[in-house]
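Pasting a structure here, questions to come.
Laboratory data are not the source of any read-out in this text; all were calculated from the coordinates shown. Computed from a predicted structure; not experimentally measured. Cβ atoms come from the backbone with ideal geometry, glycine included; neighbour counts cover every protein chain shown.
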Amino acid sequence: MRVIPLASESLGVRSLATFVEAGGLRILIDPGVALGPKRYGLPPAEVELKTLQQMRKKLQGYARKADIVTISHYHYDHHTPFFEGLYESSSEDYAREIYAGKILFIKHPTENINFSQRKRAWAFLKNAEAIAKKIEYADGRSFDLGGVTIEFSPAVPHGSEGSKLGFVVMVLIDDGSKRVIHASDIQLLNRRSVKWIIEKNPDLLITGGPPTYLGPRATGSWETGVKNLNEIILETNAEVILDHHIVRDKRYPEFFDELEKRPKTFAGYLKVEDRPLEAYRRELHKIEKGEGAEVPFRL
């Protein structure tokens, strides 16, 4: 099995897009990239917009190779919509290239879903149904694809139990020699997700940490995230790739320091420098204006 992280906060955009080659199958997980429209009251810096275009180009390249596409939920950093979007770097052409002729395993569009994601799911399916090879609602189901098993969790909260952000599905890919779980936006904050991951006992876990960058709105999420991820590490001894929401917080290396086994970011897994652009948006705007500011990565 070959796992290729494609785009994430440590690579400069909002995403957890991943490409997996297993048993002759080529699987694209959560094919979306986006930028936060406002952070510190500021729009994306120019370097963020440039990086978004680079990540979009990379994503489209891997989409052309994929046989299967999975979508954990309908936020735009996890799937590419069919509209023209500046901060999603999206278009109908990009979306068609990703989904046309592919088998789509997707979060159920009407069950365990909030109003916002239900609308987005409807818009997605209105366009995708006519061009996809096949669409399966994946929640809680398992698919045997000729020596490779793709299993999806039941719908679990997007973050804490009772989250207003709705639900997501995790995916396990097992080729008989390696088990990989991709757990988008569980944020390590709900017990249902933790129990499912431990039960499935992955060799590699790809997940997003808690949204500690939200400050008071995420009170307690740091401690809960550390506790839950340490439990997963101790119970499974899985290698962990940790990225996404936690890397929007400049303090994310300190979060990593509190874990029983130090994870890698997407960038770290790819052996390149972390470039958490959004976390340093204030500094990036100052640099672009010629004002004095520093960031801990190359521009």
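At a Förster distance of 41 Å, what's the computed FRET efficiency of Lys250 paired with Lys133, Cβ-Cβ distance as r, to 0.05? Could the numbers behind the result be given before it?
Details: r = 43 Å, r/R0 = 1.05.
Efficiency at R0 = 41 Å is approximately 0.45.
On to the next question. Would you kindly derive the ³J(HN,Hα) couplings of the stretch 82-98 from the backbone phi angles with the Karplus curve 6.51 cos²θ - 1.76 cosθ + 1.60 (θ = phi - 60°), listing them in order in whole Hz, with x for Gly and Pro?
8, 9, 7, x, 5, 7, 9, 6, 10, 6, 4, 5, 4, 4, 4, 5, 6
Right, next: Suppose the chain between Ser177 and Arg118 were pulled fully straight at 0.36 nm per residue; how much longer would it get relative to their current alpha carbon spacing?
Working: separation 59, 0.36 × 59 = 21.24 nm, distance 3.66 nm.
Full extension from Ser177 to Arg118 adds 17.6 nm.
Right, next: Going through the stretch 203-285, which GluC sites (Glu not before Pro) have at most 15 other Cβ atoms within 10 Å and a DSSP loop state?
Details: sites: Glu223, Glu231, Glu235, Glu239, Glu254, Glu258, Glu260, Glu273, Glu278, Glu283; in loops: Glu258, Glu260, Glu273.
Those satisfying the criteria are Glu258, Glu260, Glu273.
Sticking with this structure for a sec: I'd like the Karplus ³J(HN,Hα) series for the stretch 49-61: coefficients 6.51, -1.76, 1.60, θ = phi - 60°, whole numbers in Hz, and an x wherever there's a Gly or Pro.
Once θ is set to phi - 60°, the couplings for the stretch 49-61 become 5, 5, 5, 4, 5, 5, 5, 4, 4, 5, 4, 5, x Hz.
Counting each DSSP H run of 4 or more residues in the chain as -39500 (n - 2.57), what helix-only mean residue ellipticity at 222 nm follows after dividing by all residues, to the nearest 500 deg cm²/dmol?
Numbers: 8 runs with 86 residues, N = 299.
My calculation for the chain gives -8500 deg cm²/dmol from helical runs alone.
How high is the relative contact order of the chain, in percent, counting Cα pairs under 8 Å that sit 6 or more residues apart?
Values: 668 pairs, mean separation 50.7, N = 299.
Relative contact order here is 17 percent.
May I ask you to order 156-162, 183-189 by the average number of other C-beta atoms within 10 Å around their residues, highest value first?
Values: 156-162: 18.6, 183-189: 27.1.
Output ranking for 156-162, 183-189: 183-189, 156-162.
Do any GluC sites (Glu not before Pro) in the stretch 71-119 lie in a loop, going by DSSP, with at most 15 other beta-carbon atoms within 10 Å of their beta carbon, and if so which?
Glu84, Glu111
Separate question: For the stretch 225-259 and the stretch 1-62, what is the separation of their Cα centres, given in Å?
About 20 Å separates the Cα centre of the stretch 225-259 from the one of the stretch 1-62.
Then there's this: Which trypsin sites (Lys or Arg not before Pro) from the stretch 24-78 combine a DSSP loop assignment with at most 12 other Cβ atoms within 10 Å? Could you put the intermediate results ahead of the total?
Details: sites: Arg26, Lys38, Arg39, Lys50, Arg56, Lys57, Lys58, Arg64, Lys65; in loops: Lys38.
Sites meeting the loop and neighbour criteria: Lys38.
Can you report the principal axis dimensions of the stretch 56-151 using only the alpha carbons, biggest first, rounded to whole angstrom?
Result, largest extent first: 39, 32, 22 Å.
Once amide H atoms are built 1.01 Å from N in the peptide plane, which residues 5 or more positions from Ala155, or in another chain, come under 5 Å H to H?
Sorted by chain and number, the residues that satisfy this are Gly140.
May I ask you to compute the full-extension gain from Arg282 to Leu214, defined as 0.36 nm times their residue separation minus their alpha-carbon distance, rounded to one decimal in nm?
On the way: separation 68, 0.36 × 68 = 24.48 nm, distance 1.56 nm.
Stretched out fully, the Arg282 to Leu214 stretch lengthens by 22.9 nm.
Dipole size in debye (nearest 20) for the stretch 83-130 around its Cα centre, Lys and Arg Cβ +1, Asp and Glu Cβ -1?
Working: 7 positive and 7 negative charges, 52 e Å.
Computed charge dipole of the stretch 83-130: roughly 260 debye.
Each residue of the stretch 254-260 in order: what ³J(HN,Hα) in whole Hz does its phi give by Karplus 6.51 cos²θ - 1.76 cosθ + 1.60, θ = phi - 60°, with x for Gly and Pro?
5, 4, 4, 5, 8, 9, 5
Going 7 Å from the Cα of Leu42 toward and past its Cβ, which residues in the stretch 70-94 have a backbone nitrogen under 12 Å from where you end up?
No residues fall inside that zone.
Which percentage, to the nearest 5, of the DSSP beta bridges contained in the chain is antiparallel?
On the way: 27 of 48 bridges.
Of those bridges, close to 55 percent are antiparallel.
Something else about it: Counting pairs of alpha carbon atoms under 8 Å apart in space and at least six apart in sequence, what relative contact order in percent does the stretch 155-299 give?
16 percent
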